[in-house]
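Notes follow once the structure below has been shown.
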Amino acid sequence: MTVNELICSSNCKICTLEKQMNPSWLSLLIKETKKDYFIKIKNYLHKNKFFPPPNSIFYFTYHFDLPQTKVVILGQDPYHNENQATGLAFSVPKNILIPPSLKNIFKEINLSTKLPIPQSGDLTKWSEQRVLLLNTSLTVKPNTPNSHHKLGWYTFTDKILELINEKCKNVVFMLWGNHAISKKRLINSNNHLILFTTHPSPFSANKGFLGCNHFNLANEYLIKNNIEPIDWNLN
């Protein structure tokens, strides 16, 4: 049975949600956007408030084509407070207070690479270097973390990971925390580097994340495979 899609107007950014994606990504994911689960997501978003805004949901696709991916940093869901979520996992806009998990990410970069701790939580510079900052759930209810984990986004983002595994070589996957680590099953470790440890949350950062050296290990692997390393410096 086909799910009936809500129809608003040609200008509705939810009706045309998939068109907010980089066209090259959409060409690879077009079949997913026709499936019932994706139409159900759009129907739900029509009726409910959520973050980030529709034109930012697929911001992670804007700076490079999927086959160009060098590094994947996997988050769980967008920030749930006003003006925080950008469409890039862990990133916040400039002039927004840096969240605790991102503070610990910056602390680890400083510990392992000796780079200065950034003054802004905007990670766009990483995305511009083909670092995929992907949340497994792409929307969230305001002030309610992990509220859209059953909405269907996991099916969509699993497909993205499967495509990267299939179409790319020598990608570094950074999986932090049990939820991200569970996605190892989608990645062929013979073709890619999988780095995993605890989540950078204040509750677990001291149990493995701080001192994990992932940012150095990622660049060592990229260089070994004749791929330009990432400049992690955001200052």
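The values are calculated or read from the model by the stated rules, or taken from the named source; none is laboratory data. Since the structure is predicted, the reported quantities are computational estimates derived from the model, not experimental observations. Cβ atoms come from the backbone with ideal geometry, glycine included; neighbour counts cover every protein chain shown.
Restricting K114, K159, K103 to residues that are among the charged types (D, E, K, R), free of Cβ contacts under 8 Å to residues at least 40 places away in the same chain and closer than 20 Å to L175 by Cα narrows the list to K103.
For T155, indicate whether it is over 25 Å from S204 (Cα atoms), modelled with pLDDT of 95 or more, of a type in the set (V, I, T) and in contact with a helix residue (DSSP H, G or I) (Cβ under 6 Å, 6 or more places away or on another chain).
Working: over 25 Å from S204 (Cα atoms): yes; modelled with pLDDT of 95 or more: yes; of a type in the set (V, I, T): yes; in contact with a helix residue (DSSP H, G or I) (Cβ under 6 Å, 6 or more places away or on another chain): yes.
Here the answer is yes, as T155 does meet what is asked.
If we scan the range 163-175, do we find a residue that is at positive phi and under 19 Å from the mean Cα position of the chain (by Cα)?
First, pick out the residues of the range 163-175 that are at positive phi: 170.
So of that shortlist, the ones also under 19 Å from the mean Cα position of the chain (by Cα) come out as 170.
Within the range 163-175, one or more residues are at positive phi and under 19 Å from the mean Cα position of the chain (by Cα).
Annotation: L222 fulfils all but one of (1) within 30 Å of D36 (Cβ to Cβ); (2) surrounded by 18 or more Cβ atoms within 10 Å (Cβ to Cβ); the unmet one is (1).
Among the candidates K13, K47, the residue that is under 30 Å from I98 (Cβ atoms), at pLDDT below 95 and among the basic types (K, R) is uniquely K13.
Quick check on my filter: what residues within the range 93-113 are within 12 Å of G211 (Cβ to Cβ), under 19 Å from the mean Cα position of the chain (by Cα) and surrounded by fewer than 17 Cβ atoms within 10 Å (Cβ to Cβ)? Those that are within 12 Å of G211 (Cβ to Cβ), under 19 Å from the mean Cα position of the chain (by Cα) and surrounded by fewer than 17 Cβ atoms within 10 Å (Cβ to Cβ): none in the range 93-113.
Of the candidates H149, H179, the single residue that is more than 28 Å from E228 (Cβ to Cβ), touching a residue at least 24 places away in the same chain (Cβ under 8 Å) and either surrounded by fewer than 18 Cβ atoms within 10 Å (Cβ to Cβ) or hydroxyl-bearing (S, T, Y) (or both) is H149.
Residue-wise test of (1) more than 21 Å from K114 (Cα to Cα); (2) in contact with a helix residue (DSSP H, G or I) (Cβ under 7 Å, 6 or more places away or on another chain); (3) among the basic types (K, R).
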site	(1), (2), (3)
N190	yes, no, no
I194	yes, yes, no
S204	yes, no, no
H214	no, no, no
N219	no, no, no
I227	yes, no, no
I230	no, yes, no
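Assessment of the range 161-177 against the conditions (modelled with pLDDT of 95 or more and farther than 23 Å from W25 by Cβ) yields at least one matching residue.
Put simply, of Y37, Y62 the only residue that is surrounded by fewer than 17 Cβ atoms within 10 Å (Cβ to Cβ) and within 15 Å of the chain's Cα centre (by Cα) is Y62. Among the conditions (1) assigned to a loop (DSSP other than H, G, I, E, B); (2) modelled with pLDDT of 95 or more, S182 misses just one, which is (1). Which members of the range 103-131 meet the condition of being touching a helix residue (DSSP H, G or I) at 6+ places or on another chain (Cβ under 6 Å) and within 27 Å of L28 (Cβ to Cβ)? R130 - this is the single residue of the range 103-131 that is touching a helix residue (DSSP H, G or I) at 6+ places or on another chain (Cβ under 6 Å) and within 27 Å of L28 (Cβ to Cβ).
Which one of I96, I105 is of a type in the set (A, V, I, L, M, F, W, C) and assigned to a helix (DSSP H, G or I)? Walk me through how you get there before you give the answer.
Working: I96 fails: assigned to a helix (DSSP H, G or I).
From the options I96, I105, the qualifying one is I105.
Go through the range 22-35 and give me each residue that's within 14 Å of W153 (Cβ to Cβ) and either modelled with pLDDT under 95 or out of contact with any Lys or Arg (no Cβ under 8 Å at 6 or more places or on another chain) (or both). Listed by number, the residues that qualify are T33, K35.
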